[in-house]
Amino acid sequence: MGRRSRHTPEELRKLAIQSAHQIIAEEGLEGMSARALARRIGYSPGTLYNLFDSLDELILEVEALLLDDLEDRLSNLPAEGSPADQLRQIARAYLSFGRENAKVWNLIAQHQVAPDTVPAWYSERVERLVNRIERALARYPSPLRDNAQSLRQSARVVWAGLHGIASLSTAEKLSRIAHAPADELVDDLIETYLAGLGERRRDCRL
C-alpha cells in the first residue's frame, strides 16, 4: 500500500482505475465496491469520492480501458481482403478479446447507467468500434454507399449482433440458445447480412 503523500490526485485516480480493473478481472462486478477498492490502494473510501463523482463513473473508466485495449487489438488487423474478410477478422478478434477478458468484458453488459449520464468520452470509444464496421461495409457494393445514414445504421446492426454474441459467449450463456459455437454464429451473421445487402442492390436495379 502506498502512502498518501506519494500520490498526486491524477496519479491516485489512475491507480484507482487500474486497481478497480484488477478487482473486476479477479472477482467480477460483484466483487467491486468502494470499500474493497479503498483497501486495495490503501486509502479511505471518502478519498475515492473526492476523485470520482460516483462509483458508476469509476466503473465506466474501467470499461473505457477495456474498449481502448480492444481498439488496439483491432487496429493491428490486416487491412487487405474483401469487406466480408475484414468483417470476419473484426468479429473473430472481438470474440477472442472477450474470451481473454471475460469478467471485465461482462462488465459492459452488467453495468447499467442512465443513458443521459453516459459521458461523451465513453460514447466516442464505442463509436470507434462501430466505425470500423462501417468502413468495411462502405466497401461492399450495395445501396449503402450512397446513403450515409443507412450505412451508419447497418454498421450498428452488425455491431449489436456481434456484441450480443460475444457477450453471451463470455457469460457462458450462448449454449442455452444456440447449438453452434460463437465463431460460426458471427460468420453466419456477416454472411446473411451481406447477402441481404446484395439483394437490396439487385432490387434497386429493377
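Can you classify region 91-182 as rounded, prolate or oblate using the Cα gyration tensor, where a ≥ b ≥ c are the square roots of its eigenvalues, rounded means a/c under 1.5, and otherwise it's prolate if a/b beats b/c and oblate if not?
oblate
Using only the alpha-carbon atoms, how far is helix 148-170 inclined from the longest principal axis of the chain? Give it as 0 to 90 degrees, nearest 10.
Here the helix axis deviates by roughly 60 degrees.
If you filter region 166-197 for GluC sites (Glu not before Pro), then keep DSSP loop positions with at most 15 other Cβ within 10 Å, what is left?
172
When the chain is modelled as a GNM with alpha-carbon springs shorter than 10 Å, which of 57, 80, 71 fluctuates the most?
80
Label points 7 Å out from Cα along the Cβ direction at residue 65 and residue 99: separation in nm?
The two pseudo-label positions are separated by 2.4 nm.
Let me make sure I get this right: for region 1-52, a, b and c are the square roots of the gyration tensor eigenvalues over alpha carbons, sorted descending. Under 1.5 in a/c it's rounded, otherwise prolate if a/b > b/c, else oblate. Which is it?
prolate
In degrees between 0 and 90, to the nearest 10, how far off the longest principal axis of the chain does helix 55-75 point, with axes built from Cα atoms?
Helix 55-75 sits at roughly 50 degrees to that axis.
Within the set of other residues whose C-beta is less than 12 Å from the C-beta of residue 149, count the net charge using Lys and Arg as +1 and Asp and Glu as -1.
0
Which one is right for this structure if percent of Cα pairs over 28 Å apart is calculated from it: [x] 44; [y] 38; [z] 27?
Among [x] 44; [y] 38; [z] 27, the one calculated here is [y].
Provide the per-residue ³J(HN,Hα) series for region 115-124, in order, calculated from phi with Karplus coefficients 6.51, -1.76, 1.60 and θ = phi - 60°, each as a whole number of Hz, with x at glycine and proline positions.
Once θ is set to phi - 60°, the couplings for region 115-124 become x, 7, 9, 6, x, 4, 5, 6, 4, 5 Hz.
Counting Lys +1, Arg +1, Asp -1, Glu -1, what net charge surrounds residue 29 among other residues with beta carbon under 11 Å of its beta carbon?
-2
What's the local net charge at residue 182, with K and R +1, D and E -1, over the other residues with C-beta under 10 Å away?
Here the count lands on -1.
Return a whole-number percent for the relative contact order of the chain, with Cα pairs under 8 Å and 6 or more residues apart as the contact set.
Reported relative contact order: 21 percent.
On a 0 to 90 degree scale, rounded to 10, what angle separates helix 9-27 from the longest Cα axis of the chain?
Compared with the principal axis, the helix lies near 70 degrees.
Which of 75, 180, 159 sits closest to the plus end of the dipole of the chain, meaning its Cα is farthest towards the positive end, when Lys and Arg get +1 and Asp and Glu get -1 on the C-beta?
75
Read-outs throughout are calculated quantities, based only on the coordinates presented, and are distinct from any laboratory measurement. From a predicted model like this one, the values you see are computed outputs, not experimental measurements. No Cβ is skipped: glycine too gets one built from the backbone with ideal geometry, and neighbour counts run over all protein chains shown.
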